[in-house]
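Written out below as structure tokens is the structure these notes cover.
The values are calculated or read from the model by the stated rules, or taken from the named source; none is laboratory data. The structure presented is a predicted model; accordingly, all values stated were derived computationally and were not measured. Every residue, glycine as well, gets a Cβ built from its backbone with ideal geometry; the counts of neighbours run over all protein chains shown.
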Amino acid sequence: MNLTRRQMLQAMAAAPVSAAFGAGVGRRPRVAIIYTQCFHRSHAHVILENFLTDFLFNGRLTHPAVEVASIYADQISPIVNRDLTAEIERRFRIPRFRTIGEALTLGGRELAVEGVVSIGEHGDYPTDRLGVREYPRKRFFDEIVAVMRRSNRFVPIFNDKHLSYRWDWSREMYDVCRQHRIPFMAGSSVPLAQRRPAFDMPANAVVEEAVSIHGGPFEIYDFHGLEVLQAFVESRRGGETGIRAIEFLPREPLFAAARQGRWSLDLARAAMRAEFGDNVPDITRPIGGVEPWGILVTYRDGTKGVVLKLGSSGTRWNFACKLAGERTPRVTSHYVGPWRNRCLFMALSNAIQTFIGRREAVYPVERTLLTTGALAAAVQSRAAGEAVETPQLEIAYQPRDFSALRETGESWRILTEQTPETHSFDERPLRRM
């Protein structure tokens, strides 16, 4: 049944209210939100709206489990009436500070928050010679940790998406957190989406090959494709042992590699059937006039992976894998909910708040570290026109069950494709201050 917006809000108001782990006892943890720019549908907006107002998670109205104590905006959008920073200050009475250090100390001398959310996506930043936007995630991280070191107190840090556009900086971020025992979590929203059909990797499965498919731009969506791949294959028998080599291939070399048996075209078609049913388009040709490309991932244990960019759909997140001893591949797609990818951030926000409350990542940060390194190698391979060996990605870790943090689809019985998309923070049910 499709509900009007008014009916949706009434249903949400009547629903039981849940909260992320750590809420409900005493004062909620205070967090500082550090971001590049905040405008409609930016990452800062779609994360913050679930920190400032009630949101849906698995069909339940969920109250934010943390309190936003401060914000820092690295840039204010020059487009008139676009930026939401002033509205956050005014509507929610949250102070904006001139520096990251002041945001973490609330204008004092010592660290005054229990967690930090760093959102380094969007904004006016330079692009390097390889076509990668130089978002200031490492700079944000360094300034955050400087306050913690000075205060001799270390609190959880969440880093939105991958760690940095430079591998050496990414590894340094990880090592610094280990050195100071800083709870660290990173990554994006896509692995937390509803899986249709439902699929979890069987225990002790041997994955012979896996394919992840997206339809977005170079690098920024290749990260998502690699992360989706990793979120599945990390659960194979023996856990993760690392990546031996990465190769970026444009269309003709990509499908030549398929004919040579280096990756399975049939497995990719199976993944697309999760989205298209029996009407799968010819994936060897440009879909909608958009050239495909692929990233071949050779794992150290012999597992084969491929990330494909097919078409131009920003909500295309398909996956398939071939397990040893099974003839039929396992397939699924990630359904993002209404309003394109915006509603994905409800589950991610819940996961971040759970992380801050527990002071423990809900899935291994090594997943993001490995994916970050794979992305950097793919960018390098694209520029060099050849495969890149990756001895630096000998990163071993064991998976963690994060199924309780994934959206099951119950939320989309309330919030449907017919529900008009809201803007700003105006029409969402507000948390009670």
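Do you know which residues across region 385-412 are in a helix (DSSP H, G or I) and exposed (fewer than 13 other Cβ atoms within 10 Å of the Cβ)? Spell out the reasoning first.
Keep residues of region 385-412 that are in a helix (DSSP H, G or I), which gives 391-393, 403-405, 410-412.
Correct list: 391, 403, 404.
When you go through (1) crowded, with 22+ Cβ neighbours inside 10 Å; (2) assigned to a helix (DSSP H, G or I); (3) of a type in the set (D, E, K, R) one by one for residue 252, which number turns out not to apply?
If we test residue 252 against (1) crowded, with 22+ Cβ neighbours inside 10 Å; (2) assigned to a helix (DSSP H, G or I); (3) of a type in the set (D, E, K, R), just (1) comes out false.
Does residue 342 fit the bill of being within 22 Å of residue 68 (Cβ to Cβ) and touching a helix residue (DSSP H, G or I) at 6+ places or on another chain (Cβ under 7 Å)? If you could, list the steps in order and put the result at the bottom.
Values: within 22 Å of residue 68 (Cβ to Cβ): yes; touching a helix residue (DSSP H, G or I) at 6+ places or on another chain (Cβ under 7 Å): yes.
Here the answer is yes, as residue 342 does meet what is asked.
Which residue out of 362, 331 is part of a loop (DSSP other than H, G, I, E, B) and in contact (Cβ under 8 Å) with a residue 24 or more places away in the chain?
On the way: 331 fails: part of a loop (DSSP other than H, G, I, E, B).
On inspection, the qualifying residue turns out to be 362.
I need every pair where a residue in region 303-316 that is over 15 Å from residue 266 (Cα atoms) and touching a residue at least 40 places away in the same chain (Cβ under 8 Å) has its Cβ under 8 Å from the Cβ of a residue that is of a type in the set (A, V, I, L, M, F, W, C) and crowded, with 21+ Cβ neighbours inside 10 Å, sequence separation at least 6 or different chains.
Once the first residue is over 15 Å from residue 266 (Cα atoms) and touching a residue at least 40 places away in the same chain (Cβ under 8 Å) and sits in region 303-316, its partners that are of a type in the set (A, V, I, L, M, F, W, C) and crowded, with 21+ Cβ neighbours inside 10 Å give 303/207; 303/210; 303/233; 309/213; 315/336; 316/213; 316/310.
Among the numbered criteria (1) within 19 Å of residue 362 (Cα to Cα); (2) out of contact with any Pro (no Cβ under 9 Å at 6 or more places or on another chain); (3) among the charged types (D, E, K, R); (4) in contact (Cβ under 8 Å) with a residue 60 or more places away in the chain, which single criterion is violated by residue 178?
(4)
Which one of 354, 371 is of a type in the set (S, T, N, Q) and either closer than 20 Å to residue 242 by Cα or outside the structural domain of residue 57 (by TED's automatic domain parsing) (or both)? Break it down into steps so the answer makes sense when it comes.
Details: 354 fails: either closer than 20 Å to residue 242 by Cα or outside the structural domain of residue 57 (by TED's automatic domain parsing) (or both).
The conditions single out 371.
Only one of (1) modelled with pLDDT of 95 or more; (2) polar (S, T, N, Q); (3) within 15 Å of the chain's Cα centre (by Cα); (4) part of a loop (DSSP other than H, G, I, E, B) fails for residue 341. Which number is that?
Residue 341 satisfies all of (1) modelled with pLDDT of 95 or more; (2) polar (S, T, N, Q); (3) within 15 Å of the chain's Cα centre (by Cα); (4) part of a loop (DSSP other than H, G, I, E, B) except (1).
For region 223-246, how many residues meet the condition of being of a type in the set (Asp, Glu) and surrounded by fewer than 24 Cβ atoms within 10 Å (Cβ to Cβ)?
Filtering region 223-246 for residues of a type in the set (Asp, Glu) gives 227, 234, 240.
Checking the rest, the ones that are also surrounded by fewer than 24 Cβ atoms within 10 Å (Cβ to Cβ) come to 234, 240.
So the answer is 2.
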